[in-house]
Each structure stands twice: as structure tokens, then as C-alpha cells.
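Please read the structure below before turning to the comments.
The values are calculated or read from the model by the stated rules, or taken from the named source; none is laboratory data. In this text, all values refer to a predicted model and were calculated from it rather than measured experimentally. Positions of Cβ are generated from backbone atoms using ideal geometry, with glycine treated the same way; all protein chains shown enter the neighbour counts.
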Amino acid sequence: MLTMRFWGVRGSLPCPGRDTVIFGGNTSCIEIRADDRLIILDMGSGARPLGDWLVANDLKKYGKIKADIFITHTHWDHIMGFPMFTPVYNNETELTITGSVVSEKENLKDIFEAQFSHNYWPVRYTELAAKIEYNHIKETKLDLGGGLTVTSKLLNHPAICLGYRFSYMGKSIAVIYDHEPYSEPEENEKIVQFLKDVDLLIHDAQYTKEGYIKHKGWGHSSMDHAIETAEKAAAKKTILFHHDPTHTDIQLETFEKEYAKNKIPTIMAKEEMVLTV
């Protein structure tokens with residue numbers, strides 16, 4: 001059984017306030033459980049409440065926190081929560097951080113470590129208590145053991161960005177965000193094939209159709225494109241994700257009602273929402 005919980009659903013920057021109470025204002029962070037195996041997707045500002053929850057629950061239950069963290073890319077809104085992720089200050093934490101970087105001259109550790117410069121944060125990286133390993137990948141398939149696999153796919157974003165498909169016990173979850181349509185039809189078809197027959201698709205849907213026209217080239221999709229891709233891939237359920245920080249709860253509720261009419265069950269991602277496949 002694969003279970004997921006959303007801790008951050010916004011794109012670009014956190015947007016707390018009275019207009020984002022229902023859907024939430026934290027940036028990208030998703031928790032996936034393959035039974036007892038813990039996977040975390042991205043370390044946006046939603047990583048702070050997730051970390052507090054893990055200390056209060058996993059640490060108490062298992063005596064340690066062990067997680068595989070997959071980073072789609074290292075833009076600020078996808079890693080900014082790491083210094084506030086409470087488990088990194090606990091010596092009973094083991095983390096494997098997997099992802100890619102923009103330049104071959106850089107590595108994941110350097111990027112994460114840079115957040116702990118005194119220019120940005122009062123704690124130095126050397127003061128972290130957790131055991132942390134880094135794993136650099138691009139397009140590949142990894143066997144995580146126990147029947148759990150993850151396949152990565154390069155996306156269309158200004159920086160190198162990866163989508164992931166997790167498979168476990170005949171079920172699958174795919175994430176395709178910080179991605180916009182390719183100009184080449186054959187590249188869009190590769191995305192469709194990567195998502196083929198997925199049980200649960202989490203897709204970038206930052207823009208309306210009109211908003212995408214204004215921001216084409218910024219690396220994000222319209223809600224219409226997300227639905228079109230889901231239908232072509234025959235996804236069983238679609239979650240629209242990476243909400244624009246300017247979209248209010250009222251607007252997102254309106255969008256959700258509109259897209260609920262689709263052939264494929266479609267909902268808006270919401271913080272603390274739990275789904276199981």
C-alpha cells in the first residue's frame with residue numbers, strides 16, 4: 001500500500017494568510033509511505049511541519065527517523081525548509097538525499113550546506129546531528145528494496161528538474177511538477193508514456209490557460225495541460241499541485257469544482273490531505 005500526505009502544495013514562495021487557510025500556503029513537500037518505508041519529496045517550507053510531526057510520531061514509535069528524500073530540483077522553494085526540518089538536529093536520524101543539480105561543477109551537499117551560511121541561517125551545517133548521504137542521479141531507475149522502485153524523468157524547466165514515479169506492490173504514484181509542455185510533440189509523448197496507467201498523478205498546475213500564455217517559458221503548466229496529460233496517460237486519479245501563490249482559497253475551490261467534471265477524478269492538492277492507493 002502506498003500512502004501520501006501533503007505538507008506543502010504551493011509554488012514559488014510561501015503565502016500564509018487568511019486567503020490560503022483551506023488549501024495551505026507552504027511550498028512543495030510530500031510524504032509517501034510504502035507501508036513503513038518513509039519517502040519525502042522536496043524540502044520546501046512544508047518540511048517544517050513534517051519534521052515536527054516525524055519527531056513527535058516516528059521517533060517515538062521507531063526510536064529513529066530514517067527517510068529517503070527525493071529532490072525534484074534545487075530551486076529555493078523546493079529546499080528552503082531543510083534548515084527548519086527538526087530531524088536534522090537529532091542524532092537518531094538517517095537521511096539519503098537523492099536528486100540532480102544544474103551544473104556538473106556543483107553537488108547536492110554543497111547546495112544544501114550553503115543554506116547554513118551565517119548570511120542566511122544562524123546554525124552551521126557542521127552542527128547538524130543527523131547522518132546524511134547524498135546520491136546524484138538524472139534519468140534512471142532505482143531499486144530501493146522490499147519491492148519499492150523509483151524511476152526518474154527529466155522535465156521541461158529552466159533548471160534541471162526530475163519527475164519521479166514510485167512503484168510498490170502493483171501500485172504507483174507519479175509526480176510531474178515544475179514542468180511545462182515541450183514544443184516538440186515527441187517529448188510530450190515521452191512524458192505521457194512515463195505516466196502511463198499510473199494510479200495517482202500529481203501534476204504541476206500553477207496557471208490557468210490565460211496565465212500560462214503570460215508566463216510561458218517559466219517552467220510551469222496550466223491546469224488544462226495537466227488534465228490533458230492525465231487523460232492521455234490514462235491516469236486513474238489526478239491531483240493538481242504547485243498552486244500559484246496568488247490563487248486564493250476561493251479561486252482554488254472554483255477551479256476544483258470546474259475540473260471535477262473531468263472523466264478522470266481530479267482534485268486540488270491541499271495541505272494535510274492524505275491519499276492511499
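Among the residues of the stretch 230-256, those identified as under 15 Å from the mean Cα position of the chain (by Cα) and of a type outside the set (Ser, Thr, Tyr) are 239, 240, 241, 242, 243, 244.
Looking across the stretch 26-51, the residues that are under 15 Å from the mean Cα position of the chain (by Cα) and of a type in the set (D, E, K, R) come down to 31, 33, 42, 48. Residues that are farther than 27 Å from residue 247 by Cα and basic (Lys, Arg) number at least 1 in the following strands (runs of 3 or more DSSP E) confined to the stretch 118-214: 131-136, 141-145, 148-154, 162-168, 171-176. Of all residues in the stretch 215-237 being among the small types (Gly, Ala, Ser) and either in contact with a Cys (Cβ under 7 Å, 6 or more places away or on another chain) or part of a loop (DSSP other than H, G, I, E, B) (or both), which is farthest from residue 2 (Cα to Cα)? Checking each candidate, the answer is 217.
The condition (being farther than 24 Å from residue 143 by Cα, within 14 Å of the chain's Cα centre (by Cα) and surrounded by 15 or more Cβ atoms within 10 Å (Cβ to Cβ)) is satisfied by just one residue among 5, 10: 10. Only residues that are closer than 24 Å to residue 44 by Cα and assigned to a loop (DSSP other than H, G, I, E, B) were counted in the stretch 238-262, giving 6. For the stretch 24-44, the set of residues classified as part of a loop (DSSP other than H, G, I, E, B) and either modelled with pLDDT under 95 or surrounded by fewer than 23 Cβ atoms within 10 Å (Cβ to Cβ) (or both) consists of 25, 35, 36, listed by residue number. Taken together, 85, 116, 23 contain a single residue that is over 13 Å from the mean Cα position of the chain (by Cα), hydrophobic (A, V, I, L, M, F, W, C) and more than 30 Å from residue 199 (Cα to Cα), which is 116.
Take the conditions among the β-branched types (Val, Ile, Thr) and either crowded, with 24+ Cβ neighbours inside 10 Å or part of a loop (DSSP other than H, G, I, E, B) (or both) and apply them to residue 21. Does it pass? Answer is yes for this residue. For the stretch 45-72, the set of residues classified as surrounded by fewer than 21 Cβ atoms within 10 Å (Cβ to Cβ) and either hydroxyl-bearing (Ser, Thr, Tyr) or in a loop (DSSP other than H, G, I, E, B) (or both) consists of 57, 62, 63, 64, listed by residue number. Among the candidates 158, 185, the residue that is at pLDDT below 95 and either out of contact with any Ser or Thr (no Cβ under 9 Å at 6 or more places or on another chain) or crowded, with 17+ Cβ neighbours inside 10 Å (or both) is uniquely 158. Residue 101 satisfies every condition listed in (1) assigned to a loop (DSSP other than H, G, I, E, B); (2) modelled with pLDDT of 95 or more; (3) touching a strand residue (DSSP E or B) at 6+ places or on another chain (Cβ under 9 Å); (4) surrounded by fewer than 22 Cβ atoms within 10 Å (Cβ to Cβ) except (2).
Residue 123 falls short on exactly one of the conditions (1) surrounded by 14 or more Cβ atoms within 10 Å (Cβ to Cβ); (2) β-branched (Val, Ile, Thr); (3) in contact with a helix residue (DSSP H, G or I) (Cβ under 8 Å, 6 or more places away or on another chain), and that condition is (1).
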